[in-house]
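The values are calculated or read from the model by the stated rules, or taken from the named source; none is laboratory data. Here the structure is a predicted model, which means the values were calculated and not measured. Neighbour counts are summed over all protein chains in view; Cβ atoms, including those assigned to glycine, are modelled from backbone coordinates with ideal geometry. Side chains included, ligands, DNA and RNA excluded: accessible areas come from the protein's heavy atoms. Shrake-Rupley method; radii C 1.70, N 1.55, O 1.52, S 1.80 Å.
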Amino acid sequence: MGTVVDDAASVEFHAFFERHYAELSRLAHLLTGEADAADDLAADALLALWHRWDRVRAADHPAAYARGVVANLARTRIRSAVRERRRVALFWSQREEKTENPDVAGVVDVQEALRRLPFRKRACVVLRHAFDLSEKDTALALGVSVGTVKSQTSKGMAELQRLLGPQSPPLQMQAAMARGGETGGRNR
């Protein structure tokens with residue numbers, strides 16, 4: 001992984017850590033606005049510095065280098081949060097509808113069957129049928145290819161059909177999923 005350092009380097013790094021950890025954590029907090037994430041980002045930055053300590057300690061300004069590492073980690077965290085918010089927005093952008101007299105037993109059966117599916121199949125089935133997302137939007141939300149969405153949705157629906165029995169045609173399963181989620185989903 002990293003380079004092997006001698007005892008003197010270890011002592012030197014420990015002193016650097018003690019001197020700069022609070023400052024790096026404060027920087028991370030100000031950059032991200034997340035107090036909880038600040039300590040983690042500072043620790044991650046210092047771990048990265050430790051793995052390259054031989055180069056860092058030879059630098060003209062090791063503290064400036066450390067601040068740059070924190071800034072890069074914070075930027076990555078912010079970008080990830082933005083991507084996650086966009087994915088969540090896809091879910092909430094769908095029109096919510098209320099169902100009168102829902103088939104509670106059917107919803108419970110479908111939810112139980114969904115829990116038995118592996119995560120990716122479950123996610124594809126739910127996003128495609130309960131949230132009525134396109135294959136492309138489902139692939140974007142899950143970070144997979146459209147082909148994966150197609151195959152996982154098909155396999156997931158077949159497995160649901162097997163779990164729920166022949167008395168549950170696919171359209172009834174879709175309607176039960178749409179009624180079962182708190183977020184609504186569109187009926188077909």
Helices (runs of 4 or more DSSP H) contained in the stretch 108-188 and holding at least 1 residues closer than 21 Å to residue 84 by Cβ and at pLDDT 85 or above: 119-125, 135-142, 146-164
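Before we move on, is residue 65 free of Cβ contacts under 8 Å to residues at least 60 places away in the same chain, touching a helix residue (DSSP H, G or I) at 6+ places or on another chain (Cβ under 9 Å), among the hydroxyl-bearing types (Ser, Thr, Tyr) and open to solvent by less than 80 Å² (accessible area, probe 1.4 Å)? Can you show your working first?
On the way: free of Cβ contacts under 8 Å to residues at least 60 places away in the same chain: yes; touching a helix residue (DSSP H, G or I) at 6+ places or on another chain (Cβ under 9 Å): yes; among the hydroxyl-bearing types (Ser, Thr, Tyr): yes; open to solvent by less than 80 Å² (accessible area, probe 1.4 Å): no.
No; evaluated as a whole, the condition is false for this residue.
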Complete set of residues in the stretch 1-17 that are within 26 Å of residue 75 (Cβ to Cβ) and at pLDDT 85 or above: 13, 16, 17
